[in-house]
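Taking it in order: structure first as structure tokens, then the write-up.
The values are calculated or read from the model by the stated rules, or taken from the named source; none is laboratory data. All of these numbers come straight from a predicted model, not from anything done at the bench. Cβ: placed from backbone, ideal geometry, glycine included. Neighbour counts: every protein chain shown.
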Amino acid sequence: MTRSYDIIGAPFNQLGCVTTTQNTVDGLRQMDERTWIGLTDWMGVRVSRWGARICDLGDVQPNNKVKTCIESAKKESALAEYSEQLKSKVLSSYRSGNTPITIGGDHSIAVGTLLATLEHYQQNKNEKVAIVWIDAHADCNSTLDSNLHGKPLAMLTNEYSHNGWSIEPEVTLSPDSIFYIGVRDLMPSEYEFIKRTGIANFGMTHLDTVGIQAVLIELMEKIDSQFDRVYLSFDYDVLDGSVYRACATPNVGGLSAREALHIVHTIASSPKFVGADFVEYMPELDTNGVSKELMVKLIDAVWGFRA
Ligand SMILES: [Mn+2]
């Protein structure tokens, strides 16, 4: 099967602990004086020389309602509205038979991409979707404090119930469909939630002990035997923060570039793979362009290329 990939920009960076109105997706697309690489140029090479089928659909810009909600500090309402916008773009990619790759934005944009994924596969086709969440953080904080980019999995599993937030039962994410890789910085409510629900957590200690290949074999066996589809959500901060610091919350002791490329390539090679997010990368914090080069390589790994 030759896949057709859609790139969808989600430059929504208002719900993290560092906000920006700069277009973080364009920062990744464009080549600049620091590096020889930019996503647009690289995509052009894959399409023209390698026959890849990739189309950049442009950005889902927050509409005026989202902006008004942000200005009046109605963050849950802003996210609900932006998620509707992003969801319809991702759904149309699925309906065209394509594989959407959404580039954020902070991790709150995964609410929109996953609502589309759960509506298309879980609600409409009654298929079970595994969500592989590659992140330094568990992003299932259900308390009212701190920022919404640390809560998308609480919001999608209906564990978060503040300021009118709720999810329809048909598209609620089941905790047993979540697989963490690289999580190493939990909040108490997250620790309790993971313990209570038994979410699979391939943390760094486990990775240190058995190695990345053993983790991937175990993960892919579970997906092959228990799920119909797999979706990948990649948070830049899962990478080792001693090198990769172009985000709001760099975290030392994470994945190496090789490990991250191996994980992304393996999951995206599965016939059950349906789509991916890449979030939290902030080009303006990328002082030497190394992170940008890795981000482009990671997306290239989704397209099936790996060196
Ligand atoms: Mn995250």
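Does at least one position in segment 283-290 carry a residue that is under 17 Å from the mean Cα position of the chain (by Cα), touching a residue at least 40 places away in the same chain (Cβ under 8 Å) and within 16 Å of the ligand (Cβ to nearest atom)?
No, because not a single residue in segment 283-290 is under 17 Å from the mean Cα position of the chain (by Cα), touching a residue at least 40 places away in the same chain (Cβ under 8 Å) and within 16 Å of the ligand (Cβ to nearest atom).
Check GLY253, GLY275 and return the single one that is farther than 13 Å from ILE134 by Cα, assigned to a loop (DSSP other than H, G, I, E, B) and modelled with pLDDT of 95 or more.
Within the list GLY253, GLY275, the selection yields GLY253.
Is it fair to say GLU221 is under 22 Å from LYS128 (Cβ atoms) and loosely packed, with under 13 Cβ neighbours inside 10 Å?
Answer is yes for this residue.
Could you go through segment 62-80 and let me know if any residue there is in contact with a Lys or Arg (Cβ under 6 Å, 6 or more places away or on another chain), of a type outside the set (Ser, Thr, Tyr) and on the phi < 0 side of the Ramachandran plot.
Taking every residue of segment 62-80 in turn, none turns out to be in contact with a Lys or Arg (Cβ under 6 Å, 6 or more places away or on another chain), of a type outside the set (Ser, Thr, Tyr) and on the phi < 0 side of the Ramachandran plot.
Among the residues in segment 207-217, are any under 15 Å from PHE273 (Cα atoms), assigned to a helix (DSSP H, G or I) and among the hydrophobic types (A, V, I, L, M, F, W, C)?
Checking segment 207-217: at least one residue is under 15 Å from PHE273 (Cα atoms), assigned to a helix (DSSP H, G or I) and among the hydrophobic types (A, V, I, L, M, F, W, C).
Mind checking which pairs have a first residue in segment 168-190 that is outside any strand (DSSP E or B) and a second that is surrounded by fewer than 17 Cβ atoms within 10 Å (Cβ to Cβ) and hydroxyl-bearing (Ser, Thr, Tyr), Cβ under 7 Å, 6 or more apart or different chains?
Once the first residue is outside any strand (DSSP E or B) and sits in segment 168-190, its partners that are surrounded by fewer than 17 Cβ atoms within 10 Å (Cβ to Cβ) and hydroxyl-bearing (Ser, Thr, Tyr) give PRO175/THR197; SER189/THR143.
Of these, ARG29, ARG46, which one is modelled with pLDDT of 95 or more, more than 22 Å from the chain's Cα centre (by Cα) and surrounded by 15 or more Cβ atoms within 10 Å (Cβ to Cβ)?
ARG46
For segment 64-156, list the helices (runs of 4 or more DSSP H) that sit wholly inside it and hold at least 1 residues that are within 16 Å of the ligand (Cβ to nearest atom) and crowded, with 24+ Cβ neighbours inside 10 Å; which are they?
Answer list for segment 64-156: 75-95, 110-117, 152-156.
Since CYS55 meets every condition but one in (1) within 21 Å of the chain's Cα centre (by Cα); (2) of a type in the set (A, V, I, L, M, F, W, C); (3) assigned to a helix (DSSP H, G or I), which condition does it not meet?
Failing condition for CYS55: (3).
Criterion first (among the charged types (D, E, K, R), at pLDDT below 95 and either within 16 Å of the ligand (Cβ to nearest atom) or over 29 Å from GLU221 (Cα atoms) (or both)) does GLU280 satisfy it?
Here the answer is no, as GLU280 does not meet what is asked.
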